[in-house]
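First up is the structure itself, then whatever we jot down about it.
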Amino acid sequence: MAGSGSAFEEAPPETAAPEAPEASQGLAAAAEGDAEEIAGRRFEEPPELPRRPLRRALLLAAPFAGLTGLLAVWEVYVEVRDLRPLTLPQPSQVLRHVAENPGFYAQNGWVTVQEAFLGFVLAFVAAVVVATVMAHSELFERASTPVIVLMQSTPVAVLVPIFLLWFGFSPWPKILTAMLFAWVPFVANALIGLRSVDVDTHELLRSVNAGRWEIYWRLRIPHSLPYLFAAGRICVGLALVGAVVGEFFNSRDGLGNAARVAQSRLLVEQLWGSVFVLAFIGVAFVLLLMAVEKRVLRWHASQAGGHRGIQA
Amino acid sequence: MSGRGPAVGANVPDDGLTTRHSGQPFGVGASAAVGADVSADVSDDGLTDAAAVSFENVSKWFRSKARLTHALSQVSFSVEPEEFVSLIGPSGCGKSTMLRLAGGLLEADRGRVAVHSRPPDEARRQKRYGFVPQHPALLPWRTVRDNVSLLCEVNRRSSVAGMAEHDKLAMLDAIGLTPFLDALPQELSGGLQQRASIARAFALGAPLLLMDEPFSALDEITRADMRYLLLDLWRRNAKTVLFVTHSIPEAVALSDRVVVLSGRPGRVTTVVEVALSRPRHAGVEDSDEFHRILAEVRDALRHGWSH
Ligand SMILES: Nc1ncnc2c1ncn2[C@@H]1O[C@H](COP(=O)(O)OP(=O)(O)OP(=O)(O)O)[C@@H](O)[C@H]1O
Ligand SMILES: [Mg+2]
């Protein structure tokens, strides 16, 4: 295909002269419609966007206010009912305990974060690999669906003792538990995502004989991202639960272990402190994920943006 | 079928043909030359061997669990190299199906479809046609610029290089997309999205264009403008175009021939010659000849409806 579409802007020499004025007029009107029209008219300032600083500030403050409100009600409730700390300590008491032992919580928190994170990543990778094969092979899909349903409906926690038998006092039982907790939502969503390809775009790529892998990378993977992010948000929590459950069974460190030890020795503040720190870690991860999602899925309808964004 | 000979390479008004062939070394040079050589040499069945696209007694059914749809029945016609042919017919008569057959995206159940005497699937593998689907089908995460180059990026093994960057920018400018190159499709109006879809097909630099109602989302005025923009691009780039439309004025204004189809199952009722001189401008739509042909196509459509 040498010189395909060459000399685009050169009109044929014979005809160019007589028709030039007419042609260029018609072309300009047709071609530059949206852009040039504006230049012809008087330049019009866009209206000032309503600033409403109070509303902005309120929107920013609302999540913190909600959280503070919850803790305040809790605090007052315990005070008024005069509950024993063993039944329910005041949040101020718990927070003080956390603040007084930052090293303890940081160290155990770090252990749990590592286990949960590794479990999360492994679940993600395994799910995408399996869903990819499932999306490309009906045979494999039919064969693997019952296995996945089985894993979905088995209480994964009972497998932890088995993992302990296999791996002993290593981080692996906990990582595996975290992975198993997280992976079912990942597979299910990845499969829906990889399948939810737009037929028109698919046909377009077929019109240039795009290969399977090209369709996979250029079409299927981007289409599955919104589903994977949605699953990711759920799975952050699940992976943390998995890691903590693993630590309950057998561990020398981690927040799950801290909570278990605290429970057996009636260290109420440490028990609740572990809960608080775990909740904080979960929220931090979800926020991080949402920030990434906002960047990656700039194009997707779930991100309010563009002129069709749905405003609350 | 058509009482009129479908091979019209020779019937295209002289100035039209010569202006397009002369002095322009296009990527389709080889096929264009072949077309010019043999367009006079019409074989017995009325089809030239060098036809860019040819349908011979093509029938197509769609089978699903619920029903069997007879989409096309014994369709025959051909498109000569660098010819502009429109398909017009009632909704659901199989126009999109015909484009898909021509592009090797579907297989005919009976009859033969060929692109330059070869199976259409070969043209598809070699990226020898640009497809403009009925919906713009832009990838929402790619900017307009990246969407336009999508077809060039995939399947690089085929030898098609795509339009040269410089020509591509000129084409984008002519089509009015330059201010929107970095926008995402969702930021564009429906009409601009269709322009991007057309630009994407042109950017491939292939000698054949299969266009499925590319102007359907445009208002009447823009639509009329787009016709002459498309003709201009077509003239400068030497393409064969198979164009599906619902609009009679559009078909007449654009085409060398209009293939009129009956309601489902689609069959060719008539092939109407459009002997308007080229290059055409908006003024052509005020001419008597234009209106005469318009009426002819309309009557053929009405006639086909009752079949
Ligand atoms: N993949 C398919 N499976 C089943 N039936 C189909 C399929 N594609 C098309 N059809 C049927 O074949 C017939 C022709 O469809 P086609 O899309 O080619 O019509 P069309 O002329 O392009 O219509 P329109 O003008 O509305 O776009 C229709 O009745 C349609 O329902
Ligand atoms: Mg159609």
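Order the following by accessible area, largest value first: A:Trp166, A:Trp110. Probe radius 1.4 Å; ligands, DNA and RNA are ignored. Intermediate values should be presented prior to the final figure.
Working: A:Trp166 170, A:Trp110 150 Å².
Listed by decreasing accessible area, they come as A:Trp166, A:Trp110.
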Worksheet entry | P(r) of the range A:118-237 over all Cα-Cα pairs, binned every 5 Å from zero, in whole percent | 2, 11, 18, 20, 17, 12, 8, 5, 3, 2, 1, 0
Fill in: Diffusion coefficient, µm² s⁻¹, Stokes-Einstein with Kirkwood Rh over alpha-carbon pairs of the range A:91-178 at 10 °C and 1.306 mPa s
100 µm²/s
Discussion item. Pairwise over distinct Cα atoms, reciprocal of the mean inverse distance: report the Kirkwood radius of the range B:87-159 in Å, one decimal place.
Written reply: 14.1 Å
Discussion item. For a Förster distance of 35 Å, can you work out the FRET efficiency between the beta-carbons of B:Arg156 and A:Val129, rounded to the nearest 0.05?
Written reply: 0.85
Worksheet item: Taking the Cβ-Cβ separation of A:Thr68 and A:Ala230 as r and a Förster radius of 25 Å, what is the calculated FRET efficiency to the nearest 0.05?
Response: 0.30
Worksheet item: Just the Cα atoms of the range B:218-307: what Rg and Dmax do they give in Å?
Response: 13.4, 40
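Just checking the output field for A:194-206: average partner chain Cβ neighbours within 10 Å of each residue's Cβ?
Neighbouring Cβ atoms belonging to other protein chains average 5 per residue here.
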Discussion item. Return the equivalent ellipsoid semi-axes of the range A:63-137 as a descending list in whole Å, where each equals the square root of 5 times an eigenvalue of the C-alpha gyration tensor.
Written reply: 41, 18, 11
Response to the item:
Amide H proximity to B:Tyr129 below 5 Å, modelled H, separation 5+ or other chain, gives none
Worksheet item: B plus A alone minus the pair: what accessible area, both sides summed, probe 1.4 Å, in Å² to 100?
Response: 4800 Å²
Discussion item. Cross-link candidates for B:Lys239: which lysines have Cα within less than 28 Å, leaving aside residues fewer than 8 places away along the same chain?
Written reply: B:Lys60, B:Lys95, B:Lys127, B:Lys168
Item to complete: Using label points projected 7 Å from each Cα along Cα→Cβ, tell me how many nm separate A:Ala99 and B:Trp61, to one decimal.
Response: 8.1 nm
Worksheet item: Each label point is 7 Å from the Cα along the Cα-to-Cβ direction; what then is the distance between the points at B:Ser91 and A:Arg252, in nm?
Response: 7.4 nm
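Which value, in Å², gives the accessible area per residue of the range B:146-259 when a 1.4 Å probe is used on the protein heavy atoms? Intermediate values should be presented prior to the final figure.
Numbers: 3040 Å² over 114 residues.
Accessible area per residue, the range B:146-259: 27 Å².
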Worksheet, complete the sentence: Taking only Cα atoms of the range A:171-312, the Rg to Rh ratio with Kirkwood Rh works out at 1.15
Fill in: Radius of gyration and Dmax over the Cα atoms of the range A:246-287, both given in Å
10.8, 34
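Jot down the per residue volume, in cubic angstrom and as a whole number, of the convex hull over the alpha-carbon atoms of the range B:192-241. Intermediate values should be presented prior to the final figure.
Details: hull volume 3.3 nm³, N = 50.
That works out to 66 Å³ per residue.
Using r as the Cβ-Cβ distance of A:Leu289 and B:Gln74, and R0 as 60 Å, what FRET efficiency do you calculate, to the nearest 0.05? Spell out each step's value before the answer.
Details: r = 58 Å, r/R0 = 0.97.
FRET efficiency, A:Leu289 to B:Gln74: 0.55.
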Item to complete: Pull up all non-local amide H partners of B:Ala71: gap of 5 or more, or a different chain, and H-to-H distance under 5 Å with H placed in the peptide plane.
Response: B:Lys60, B:Trp61, B:Phe62
Worksheet item: Once both labels are modelled 7 Å past Cα along the beta-carbon direction, what's the B:Asp288-A:Ala106 spacing in nm?
Response: 9.5 nm
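Dipole of the range A:139-227, Cα-centred, from +1 at each Lys and Arg C-beta and -1 at each Asp and Glu C-beta, to the nearest 20 debye? Write down the numbers at each step before the final one.
Numbers: 7 positive and 5 negative charges, 36 e Å.
Using Cβ point charges on Lys, Arg, Asp and Glu, the range A:139-227 gives about 180 debye.
Hey, got the average number of other protein chain Cβ atoms within 10 angstrom for residues in A:208-216? Display every interim value, and only then the final one.
Numbers: counts 19, 12, 6, 3, 0, 0, 4, 1, 0.
Average neighbour count from other chains, rounded to a whole number: 5.
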Worksheet item: What does the average come to when, for each residue of peptide B:215-224, you count the partner chain Cβ atoms lying within 10 Å of its Cβ?
Response: 1
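The values are calculated or read from the model by the stated rules, or taken from the named source; none is laboratory data. Because the structure is a prediction, the values reported are computed rather than measured. Reconstructed Cβ throughout: ideal geometry from the backbone, glycine too, with neighbour counts over all protein chains shown. What goes into the accessible areas is simple: the full protein's heavy atoms, side chains included, and nothing from ligands, DNA or RNA. Shrake-Rupley method; radii C 1.70, N 1.55, O 1.52, S 1.80 Å.
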